[in-house]
Amino acid sequence: MTFIRTTPPRPVDVTAVLPQLAPLARPATRLHPRPGAPTPHDSSIGGPLLWPADEPWPHCDAEHEGGGQSLAVVRVEQSVRARVAAHPDGTPGVRDHTPQERAVLENIDWDAERPDGPVPMLPVAQLYVRDVPVLRPPGQADLLQVLWCPLDHPETYMPRTAVFWRSAAAVTDILTSPPEPFDVEVEEYVPEPCVLAPEQITEYPNSLELGEELREQLGDWSKWEAADAGLDSSWAPYPDYPDYPESFYHSNLSIAPGWKAGGWPQWGYTDPAPRQCPDCDTAMEPLLSIDTFEWDNATRSWIPDEDRAAESSDDARHRDMWRPTGVQIGSGYRQQLYVCPEAPEHPHIELMQ
Ligand SMILES: [Zn+2]
Ligand SMILES: [Zn+2]
């Protein structure tokens, strides 16, 4: 199955306003996850991994305190949600548990506790380079696999990720029933299985990463007027809302919201911070952005053409379109993974933004 998602053209070519931005353009791949039934041979979020049967499954050996949400219950709730989303409003019985779901719920031992020892990780993302050409894998690898431990970790308060690169052709026997964690921190740490519609786009840096001079020019209303950039003149005269051009750039012209590979990192939770490789001190590059929302009220211009009609309809099935994976990081942030461009096998780092 293939499907397509198309980002509308940006409201203005920002390099016509500020030619100095042109050299800072970076390719990114918007992943456009949508609930589906991916196979190990597909790029996916929360789908089955092409994992060799004879290779140990990744586990997290960190200390854990929280948790307590049964993964089995979360899976049942996910399948009910998927069923509701696939039927018109008010279809009778669509919310009732199936016999299989009832059996799962009846067999849960509510007094059981998490077994001691390392916690099996959950698949988060599987990206084939053929779908996501912005990836820069090491050697012959053509597949990126990201898993996470679905519990919080002291100091970061995010799931902890593990990153693997492999060559798909080298996997002959696939592990069909990987171990699963007993419990999760919150259901938002269990991605709904999603297929992807990868799309190549161009991004420009967050204004906080621009030099002072460039940032000043970005805020210069006359430059936008000279380029006939179509800024909403109701915000003029300029002195009443001096931040308007910068916030317009921020929302519409610089960085795409949602799950994506490569491109520029978004900032917001903190100011930009240096990200040096812990092994060789090289400046690290964005690998993957795991986002809570595919868009929000400030970033509606990024809603794909194919989703606009459904997004603006009253149909309750489309209410959560902006959160197709069900993942939530913190109170609605994103989890960014960075890799070392010199040696992708060096340890990655992750930030909440
Ligand atoms: Zn862990
Ligand atoms: Zn390095």
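The values are calculated or read from the model by the stated rules, or taken from the named source; none is laboratory data. The structure presented is a predicted model; accordingly, all values stated were derived computationally and were not measured. Note that each Cβ is placed from the backbone with ideal geometry, even for glycine, and that neighbours are counted across all protein chains shown. Surface accessibility is based on the protein's heavy atoms, side chains included, excluding ligands, DNA and RNA. Shrake-Rupley method; radii C 1.70, N 1.55, O 1.52, S 1.80 Å.
Of the conditions (1) under 24 Å from TRP264 (Cα atoms); (2) modelled with pLDDT under 95; (3) of a type outside the set (D, E, K, R); (4) touching a Leu at 6+ places or on another chain (Cβ under 9 Å), GLN145 fails just one. Which one is it?
Evaluating GLN145 over (1) under 24 Å from TRP264 (Cα atoms); (2) modelled with pLDDT under 95; (3) of a type outside the set (D, E, K, R); (4) touching a Leu at 6+ places or on another chain (Cβ under 9 Å) leaves (2) as the failure.
So which strands (runs of 3 or more DSSP E) stay within the stretch 67-169 end to end and still have 2 or more residues that are out of contact with any helix residue (DSSP H, G or I) (no Cβ under 8 Å at 6 or more places or on another chain) and either on the phi > 0 side of the Ramachandran plot or among the β-branched types (Val, Ile, Thr) (or both)? Full working, then the answer.
Working: elements: 122-128, 143-149, 160-166.
So the answer is 160-166.
Residues SER313, SER301, SER289: which one is in contact (Cβ under 8 Å) with a residue 12 or more places away in the chain, open to solvent by less than 60 Å² (accessible area, probe 1.4 Å) and not in a strand (DSSP E or B)?
Numbers: SER313 fails: in contact (Cβ under 8 Å) with a residue 12 or more places away in the chain; SER289 fails: not in a strand (DSSP E or B).
Only one candidate qualifies: SER301.
Would the stretch 133-142 turn up any residue that is farther than 19 Å from VAL339 by Cβ, surrounded by fewer than 19 Cβ atoms within 10 Å (Cβ to Cβ), touching a residue at least 40 places away in the same chain (Cβ under 8 Å) and not small (Gly, Ala, Ser)? Before the answer, list the steps.
Filtering the stretch 133-142 for residues farther than 19 Å from VAL339 by Cβ gives none.
No: zero hits.
Does ALA37 count as surrounded by fewer than 16 Cβ atoms within 10 Å (Cβ to Cβ) and away from ligand 2 (no atom under 16 Å from the Cβ)? Give the steps one after another, and end with the answer.
On the way: surrounded by fewer than 16 Cβ atoms within 10 Å (Cβ to Cβ): yes; away from ligand 2 (no atom under 16 Å from the Cβ): yes.
For ALA37, the condition - surrounded by fewer than 16 Cβ atoms within 10 Å (Cβ to Cβ) and away from ligand 2 (no atom under 16 Å from the Cβ) - is met.
So which of LEU351, LEU337 is of a type outside the set (Asp, Glu), within 16 Å of ligand 2 (Cβ to nearest atom), over 14 Å from ARG34 (Cα atoms) and part of a strand (DSSP E or B)? Reasoning before the result, please.
On the way: LEU351 fails: within 16 Å of ligand 2 (Cβ to nearest atom).
Every option except LEU337 fails the conditions.
Does THR29 satisfy being in contact (Cβ under 8 Å) with a residue 40 or more places away in the chain, part of a strand (DSSP E or B), touching a Pro at 6+ places or on another chain (Cβ under 7 Å) and surrounded by 14 or more Cβ atoms within 10 Å (Cβ to Cβ)?
yes
Test GLU294 against the criterion of being among the charged types (D, E, K, R), assigned to a loop (DSSP other than H, G, I, E, B), touching a Phe, Trp or Tyr at 6+ places or on another chain (Cβ under 9 Å) and within 16 Å of ligand 2 (Cβ to nearest atom), and give yes or no.
Numbers: among the charged types (D, E, K, R): yes; assigned to a loop (DSSP other than H, G, I, E, B): yes; touching a Phe, Trp or Tyr at 6+ places or on another chain (Cβ under 9 Å): yes; within 16 Å of ligand 2 (Cβ to nearest atom): no.
So GLU294 fails the test.
Could you figure out which of (1) more than 16 Å from ligand 1 (Cβ to nearest atom); (2) surrounded by 22 or more Cβ atoms within 10 Å (Cβ to Cβ) isn't true of SER177?
Result: SER177 fails condition (2) only.
For the stretch 166-185, what are the residues that are of a type outside the set (Asp, Glu) and touching a strand residue (DSSP E or B) at 6+ places or on another chain (Cβ under 6 Å)?
ARG166, ALA168, VAL171, PRO179, PRO181, VAL184
Within the stretch 143-152, does at least one residue satisfy the condition of being away from ligand 2 (no atom under 16 Å from the Cβ) and exposed (fewer than 15 other Cβ atoms within 10 Å of the Cβ)?
Here is the first cut: in the stretch 143-152, the residues away from ligand 2 (no atom under 16 Å from the Cβ) are 143-152.
Now restrict to residues that are exposed (fewer than 15 other Cβ atoms within 10 Å of the Cβ): none.
No, the stretch 143-152 contains no residue that is away from ligand 2 (no atom under 16 Å from the Cβ) and exposed (fewer than 15 other Cβ atoms within 10 Å of the Cβ).
Tally time: how many residues in the stretch 4-34 are under 18 Å from the mean Cα position of the chain (by Cα) and over 19 Å from LEU288 (Cα atoms)?
Total meeting the criteria: 2.
Looking at this structure, is LEU253 open to solvent by 10 Å² or more (accessible area, probe 1.4 Å) and modelled with pLDDT of 95 or more? Please lay out each step first, then the result.
Working: open to solvent by 10 Å² or more (accessible area, probe 1.4 Å): no; modelled with pLDDT of 95 or more: yes.
Here the answer is no, as LEU253 does not meet what is asked.
Are there any pairs, at least 6 apart or on different chains, whose C-beta atoms fall under 6 Å, with the first in the stretch 73-98 and within 21 Å of GLU311 (Cβ to Cβ) and the second among the basic types (Lys, Arg), and if so, which?
Matching pairs, first to second residue: ALA85/ARG317.
Of the residues GLU216, GLU199, GLU246, GLU212, which is at pLDDT 95 or above and surrounded by fewer than 20 Cβ atoms within 10 Å (Cβ to Cβ)? Don't jump to the end; show me each part of the working.
Numbers: GLU216 fails: at pLDDT 95 or above; GLU246 fails: at pLDDT 95 or above; GLU212 fails: at pLDDT 95 or above.
After applying the criteria, what remains is GLU199.
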